[in-house]
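Everything below concerns the one structure shown next.
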Amino acid sequence: MASFKLNDPEFLHNPTKTLTNMRAAGALVRTKIPIIGACWATTTDAAAREILKDEALFARNPANAGGKDISRYYWFLPRFMHPLTRNILSLDADEHKRIHAAVDHHFSRVVIDALRPDITQIADHYLDQLDPSKPVDIVEDYARLLPLDVISALLGIKPELREKLARAIVPISKPTGVLALLVALPGLYKTQKLLRMEIKTIKGTARDGLLSTLIHDPSNDLSDDEILSLAFVLFIAGHETTLHLISDAVYAITQGAEFSDPTSRAIEEFMRFFSPVMMTKPLFVRETHERFGQTLAKGDKVIAQLIAANHDPDRFENAHNTDTARRPNAHIGFGFGPHVCLGMHLARAEAQIALERLFARYPNLERTPKNAPPAYSQRYGFRGMKALKVRLKP
């Protein structure tokens with residue numbers, strides 16, 4: 001079995017060589033990934049799309065592929081994690097559609113566009129806190145804070161709880177293997193406990209926000225555990241993709257990438273090139289069958305490598321270079337098929353506003369030291385900076 005280190009700093013800085021080698025081995029390659037274990041990985045755009053849309057032969061819940069239910073699949077996790085593992089990302093067919101239908105309107109393009117003034121206000125607030133007289137870390141001082149505030153406001157989490165949640169999730173963003181995940185468990189426990197307490201409070205007193213809508217709208221039939229797991233996924237995923245997209249984009253712009261009207265086109269290219277979420281959660285093979293010259297056995301795990309699809313030269317010309325004028329740009333950075341990212345319109349709006357407001361104030365912003373290599377986080381499955389020091393130059 002081949003070993004491809006997809007969290008190696010060299011790969012994160014320049015994935016072209018490794019992705020080319022993987023692609024040469026076939027559209028599906030056998031590899032091993034921390035926590036997930038042995039699995040198949042797609043290496044092309046066509047393979048990723050085909051597998052992600054094929055619900056007949058691929059399941060998110062291993063129970064639908066002859067295995068245990070997802071809540072029991074990760075047996076090494078403590079009991080409090082079970083409701084969190086059985087979330088919208090790990091459900092199939094009608095179960096997935098029922099939960100998705102309860103929230104998809106709240107993440108529609110029209111609703112998100114109406115939030116743009118609020119997102120702008122939040123971006124300006126955090127920019128006001130930055131001190132231009134000294135280097136700042138764009139990751140921790142701006143890119144992480146903005147999406148946390150936005151998703152908290154959208155969910156209807158009170159401001160006094162947001163800071164506690166922000167502190168609790170810090171260790172969650174760092175696991176690179178099973179041992180690191182176990183170290184993160186106290187943060188996971190505290191996060192779900194705080195969210196469960198907030199849900200209980202909202203049950204007693206309705207307020208603005210998505211959580212209150214889910215709890216008090218009689219047309220919704222979600223259980224408390226389903227609301228908890230949904231809130232957890234939205235809170236974690238709702239800020240992490242945007243965090244990495246913003247910091248990756250700032251790095252690219254300081255490297256000379258064009259960022260001007262229409263900035264929305266540049267955002268799409270940064271999403272394609274960096275692919276902040278590099279791969280999907282594992283899918284499980286429902287029935288043994290042949291696919292791309294390989295025999296996939298029932299129960300086998302398959303991940304769709306979004307970064308491999310987005311760097312596929314058969315799909316994109318000069319795929320290994322950033323081209324912010326690229327058009328069309330049919331990337332799958334937000335996934336593909338039934339499980340395409342629920343919050344993609346929100347992530348796009350947040351990143352666009354965050355970058356526009358930052359560079360409107362500091363058009364000559366530069367990294368410090370100027371030629372410092374990017375400091376990538378080595379958390380498996382993500383391509384984002386753990387730190388990005390810059391000087392804020394008007």
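Key figures for this structure:
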read-out: Selection count where residues are open to solvent by less than 10 Å² (accessible area, probe 1.4 Å), closer than 19 Å to LYS298 by Cα and assigned to a loop (DSSP other than H, G, I, E, B), scope region 5-42; value: 0
read-out: Residues (open to solvent by 30 Å² or more (accessible area, probe 1.4 Å) and under 20 Å from HIS106 (Cα atoms)) located in region 327-336; value: PHE336
read-out: Hits in region 55-104 - residues which are outside any helix (DSSP H, G or I), free of Cβ contacts under 8 Å to residues at least 40 places away in the same chain and open to solvent by 30 Å² or more (accessible area, probe 1.4 Å); value: LYS68, ASP69, TYR74, TRP75
read-out: Every residue from region 257-286 that is open to solvent by 10 Å² or more (accessible area, probe 1.4 Å), closer than 27 Å to ARG86 by Cβ and not charged (D, E, K, R); value: VAL277, MET279, THR280, PRO282
read-out: Failed item, numbered, when THR295 is tested on (1) in a strand (DSSP E or B); (2) closer than 30 Å to ASP149 by Cα; value: (2)
read-out: Condition check for ASP323: surrounded by 18 or more Cβ atoms within 10 Å (Cβ to Cβ), more than 21 Å from LYS134 (Cβ to Cβ) and without any contact (Cβ under 8 Å) to a residue 60 or more places away in the chain; value: yes
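Matching residues to (1) buried (at least 18 other Cβ atoms within 10 Å of the Cβ); (2) touching a residue at least 24 places away in the same chain (Cβ under 8 Å); (3) among the acidic types (Asp, Glu):
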residue	(1), (2), (3)
THR288	no, no, no
GLY293	no, yes, no
VAL302	yes, yes, no
ASP312	yes, yes, yes
ASN318	no, no, no
PRO338	no, yes, no
HIS345	yes, yes, no
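The values are calculated or read from the model by the stated rules, or taken from the named source; none is laboratory data. Quick caveat: nothing in here was measured; it's all calculated off a predicted structure. Cβ coordinates were reconstructed from backbone atoms using ideal geometry, including for glycine residues, and neighbour counts include every protein chain displayed. In case anyone asks, the SASA skips ligands and DNA or RNA and just uses the protein heavy atoms, side chains included. Shrake-Rupley method; radii C 1.70, N 1.55, O 1.52, S 1.80 Å.
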